[in-house]
Structure formats: C-alpha cells, structure tokens
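Taking it in order: structure first as structure tokens, then the write-up.
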Amino acid sequence: MALARVYSGAVFGVDAYAVEIEVNAGRGDPQTVIVGLPDTAVKESKDRVHTALVNSGFKPHRGRTTVNLAPAHIKKEGPHFDLPIAVGMIAAQDDKATQTLREYAMVGELALSGKVRRVRGVLPIAMEARRMGRRGILVPAENAEEAAVVEGLNVFAVTNLREAADFLGGTHSLAPYTVDMSALYNAGARHEDDFADVKGQELAKRAIEVAVAGGHNILMIGPPGTGKTMLAKRIPSILPDMSLEEALETTKIHSIAGALKPHDALIVKRPFRSPHHTISDAGLLGGGTHPIPGEASLAHGGVLFLDELPEFHRNVLEVLRQPLEEGSVTISRAAGSVTFPCQFMLVAAMNPCPCGYYGDPKKDCRCSPNRIQNYRNKISGPLLDRIDLHIEVPSIRYQELASLKPGEPSEAMRERIVRARARQAERFKGRRAVHANADMAARDLQKYCRTAADAQALLKMAIGELNFSARAYDRVLKVARTIADMEEADTIGPAHVSEAIQYRSLDRNMWL
C-alpha cells in the first residue's frame, strides 16, 4: 500500500486556489473512489484516467484506489484534474517518483489515448503555483503560451501522459517553455480598422475621442447606414495600450471563460465584445451552476458594444446599471459568491424609431407616435443617466461620400488621447480604483473639477432649463474635465462645459 501526493489548482471567481491530490493504492476490490466534493466531470475522470493509463502502457492498480481532492469543503469541477490524478496513480505504485512531485503543479484533461488536452483557467492556476513556491507546472501543449507569461515559474508543455510521467520520473527531459513578451506587444499594436476609413461624421468622431480620452460611456443615435457600427468597431484603434497588469487580468478572465484560442499567450489588444441582442442576463453578466464570466467581464479593459440597444430585453439592460457604476459584478450561489471585474467602456447604438427614419430630412418615418414611444421606453432614464455622452449620427452627404480625401487617422487621435490619459494618470496616482475621469467619485468632483464662474452659470442653466438629474450633472462635470484635459487646461471653462452639455442634451430633447 502506497500514498502519493500531487499538486494542482482550481479556479474560483477570477483567482485560483491550490488543490492537493492524494492517491492511495490499497487492498480490496478493484475500484477507484474520488472524494473531496467532485462534480460530475471529476467523477467521470476515473474512467478516462483508467483507459488513458492502459493505452499509455501503464498497469493500473488492481486493488482499491482512493483519490482525495483537498481542501475537501470546496466543490471541484472540470476535467483538468485528469492529468494529476493519473500521475498520482502511477506514483502511488512507485515510491521513487514521490519526491519529484512536490516541486511541480499540473493540470490537463486526458483523452482515452493518453493525449493531454487543453483546459481553461490555466493562467490563474499558474499564478497560484508560483505563489505557492512550486518549481514548475506541467500544462497541455496548447496552454503553454498562456502559462509562460507568468514570470518566475518554469512551464513544461506535455502532449501525452507517457511524456509527463517520464519527465517526472527523470527518464525524459523537457525544456521550459518561454514567450517573447515584446513580440506579443508588438503584434498586438496593429489594428486593421482605422478612423481614416470613415467618411464625414466629424462631430461623432470628436465625441468618440472625448469619450475614449476620459473612459466615458457613449450612445450613438441615427438612421440605418450612417456608420454607427463602423465608428464603434474602430474605437479599439485609439485606446491606450494595456499595461502588463491589465493584460494579465484580462487574460485571466478570458482563460477562465474558455475564450482564449489555442496557443494564445496574452491578450494585449483591448477587448471589443459585441453580443447579439438576444443575449440573456446570465450571458451578459455571467452565471451558471459554477459561475463563469459573461460578456461584460470579457470586455474588461476594453469596449462593450451593444448594437440596436432597444432590441435587447429590458431586464438585460437594467442589470447593467450596477456594473456601470461599480466596475464589477457579484454572482451569488448557494456555494458562495464570486466577483468578476467588468471595467469597460460602454458603446451603444440605436435608431431613433423602429423604422429608423424619425427626424430624417430625406426619408419619411412610418412609425406611429405610440410605437415610437414604446420603442424609446425600452431604454430607462436611470440607464441613460449612466451613459455620459449621447450623440446624433446623421445621414452622410454625397460630397462626403464621394470625397477622395481620407479622414484623420486613428494614430493622430490616439496621440491626443494618450496625452489626456497621462494627465489623468498623474492626477489619480495611487488611486487603484480610479483610472480615468469617468471613474471619479462624487467627492473627487469637488477636488478635481475646478470650474470658472461663467462655466458655473452654464451648469446652473443646465440643471434648471434642461432638467438634468443629479447624476447627469455629475456626468457633465466629468466630461467637461476630460475636454479640459485634452486642451491641457487646469480649470474647466465655459467652452468645456458647453460642449459637455451638448453631449447630454440629446436625451432630454428626444426622451422627455
């Protein structure tokens, strides 16, 4: 009778925790028992592991094999325990291998042939293995790039069970897998879409530049075919580069959700997520028996684009209100609560009415007043208040379409945005929760939004005549602060406030 210990990890929320796998090869009827709150996928691993052992040339233990997954009070889920369980079964029959096992963590799903298949959540598990002081980690070959971005941890890519066992037994050598971080960032710096391709829509492009400079949410309203989607898809090309910390956090979320492609190492381009309007609230915010991130969290650090905004279910749009305010979403289940970060820039687009041509000077609207009102009522006032800029995207004139002159390129817009973001970074230095003007709390407005006397008069008029809510007033100040930052002005002037009010007045004209 022998006992072996193998080390792995599991994911809870966006972080991982260490899992110790004890395998005891004892006497009794030939059977394998897995304890430690395994779910169905883990329970089924005994059959996959047994067949993989046989097909890899190993002889399974002929007595009772007990596998314990510790800590036993947390439910274990997923097939990534296959590899460590199989290695533990081999080691339980060979005392010589047990010393080496203490130095490594391992994850991987086994095919019946013994091949090691990719799994999700490898990046946070690798980070936890480094924290626990492991010398290295064995991962599926398709996950090697993802794990290799963790500095200070040797990553060994294994393709099958035999290779993993021989490496741990000292009869086969593997070189640690490495990635070139500078090459990853250089590859991520290229964008196929460019604002130079957009004809006309100068006011819309200006509003988008202001929104990106301050991290503000934006809503575009206009008839079909005016370029709303085209504008939205080019926003990532003017976003500032991601820091390593941001890239790791975003990659962790995609890894946990299983959204990373094979051999992807690190997400260095800011995400652009565009879910269909039939998405459920669980699909948008995350959920499931074992909660996984939704589209809002997958857009963390980037853009969440909701096209045809009124076509989304009302309850789906309303659940966005808390994430827009707090930058995170908490999902509660009987087993506990998990919190996923979702600090994104919301970009939404919609038509002014169901047919799309209300207020268009060239085409008549065919919608009845009641139909238009019902269409607009799908967007609640509280949700609109959380969108900082509301802009109109009108039809493009023939002269603009026929012009051969390219628009301003994304790189020129991006340079101005980077300068404005640098001012904000200096302003909020040491404030982890505040990255841009859009993240300012109410107390920050008094400290950082110094306003000239004539600008105060404009704000007073906005509250009185345009019936702005208190939240809308705060949003106007934040946008005005961003516009002032783009002009490198310390004090918010009347021109800054006037432009910010312009970006808020559209909802008052159309929705009340």
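The values are calculated or read from the model by the stated rules, or taken from the named source; none is laboratory data. This structure is a prediction, so every number in the text was calculated from the model and none was measured. Note: ideal-geometry Cβ built from the backbone for every residue, glycine included; neighbour counts use all protein chains shown. SASA here: full protein model, heavy atoms, side chains in, ligands and nucleic acids out. Shrake-Rupley method; radii C 1.70, N 1.55, O 1.52, S 1.80 Å.
Things worth noting here:
- Mean projection of the Cα convex hull over all viewing directions, computed for the range 97-176: 4.9 nm².
- Under the Debye formula (equal points on every Cα, no solvent term), log10 I(q)/I(0) of the range 229-374 at q = 0.14, 0.17 Å⁻¹: -0.73, -0.98
- Degrees separating the helix 494-511 axis from the principal Cα axis of the chain, which is the longest one: 80 degrees
- Rounded to the nearest whole angstrom, the semi-axes of the ellipsoid equivalent to the range 196-301, taken from the Cα gyration tensor as √(5λ), stand at 28, 18, 12, largest first.
- Distance in nm between pseudo-label sites at ALA282 and SER498 (7 Å out along the Cβ direction from Cα): 5.3 nm
- Helix axis angle, 202-214 relative to the chain longest principal axis, alpha carbon, degrees: 50 degrees
- Spin-label pair LEU203/ASP47, simplified geometry with 7 Å Cα→Cβ offset, distance in nm: 6.5 nm
- Percent accessible area from carbon and sulfur atoms, the chain, protein chains only, probe 1.4 Å: 49 percent
- Computed about its Cα centre, the charge dipole of the chain is approximately 640 debye, with only Lys, Arg, Asp and Glu carrying charge at their Cβ.
- Solvent-accessible surface ranking, highest first, for PHE81, PHE272 at 1.4 angstrom: PHE272, PHE81
- Principal axis box of the range 256-299, alpha-carbon based, largest edge first, Å: 29, 23, 14
- The alpha carbon centroids of the range 293-341 and the range 1-45 are separated by 34 Å.
- Taking 0.36 nm per residue of sequence separation and removing the Cα-Cα distance, the ARG321/LYS363 pair yields an extension gain of 11.6 nm.
- Neighbourhood net charge (9 Å Cβ-Cβ; Lys/Arg +1, Asp/Glu -1) for ARG117: -1
- Label sites at ALA425 and HIS191, each approximated as a point 7 angstrom past Cα along Cα to Cβ, lie 1.7 nm apart.
- Computed over protein heavy atoms with a 1.4 Å probe, the accessible surface of the chain works out to 45 Å² per residue.
- Relative contact order of the range 96-136, defined on C-alpha pairs under 8 angstrom at six or more residues apart (%): 43 percent
- Using a cutoff of 8 angstrom between alpha carbon atoms and counting only pairs six or more residues apart, the relative contact order for the range 286-369 works out to 31 percent.
- The charge dipole of the range 405-501, taken about its Cα centre with unit charges on the Cβ atoms of Lys, Arg (+1), Asp and Glu (-1) only, comes to about 460 debye.
- In the context of the full protein assembly, HIS191 retains an accessible surface of approximately 80 Å², using a probe radius of 1.4 Å and ignoring ligands and nucleic acids.
- Percent of beta bridges antiparallel (DSSP, the range 1-94, rounded to nearest 5): 75 percent
- As a length-normalised measure over Cα pairs under 8 Å and 6 or more apart, the relative contact order of the chain settles at 13 percent.
- Alpha carbon centroid spacing (whole Å) that separates the range 391-463 from the range 195-222: 10 Å
- Each DSSP beta bridge with both residues in the chain is either parallel or antiparallel, and the antiparallel ones are about 50%.
- Length, then width, then depth: along the principal axes, the Cα atoms of the range 403-512 run 46, 40, 25 Å.
- Evaluated at q = 0.17 Å⁻¹: base-10 log I(q)/I(0), Debye formula over Cα of the range 1-99: -0.70
- Helical mean residue ellipticity (222 nm; -39500 (n - 2.57) per DSSP H run of 4+; nearest 500) of the chain: -11500 deg cm²/dmol
- The range 144-182 and the range 225-290: distance between their alpha carbon centers, rounded to Å: 28 Å
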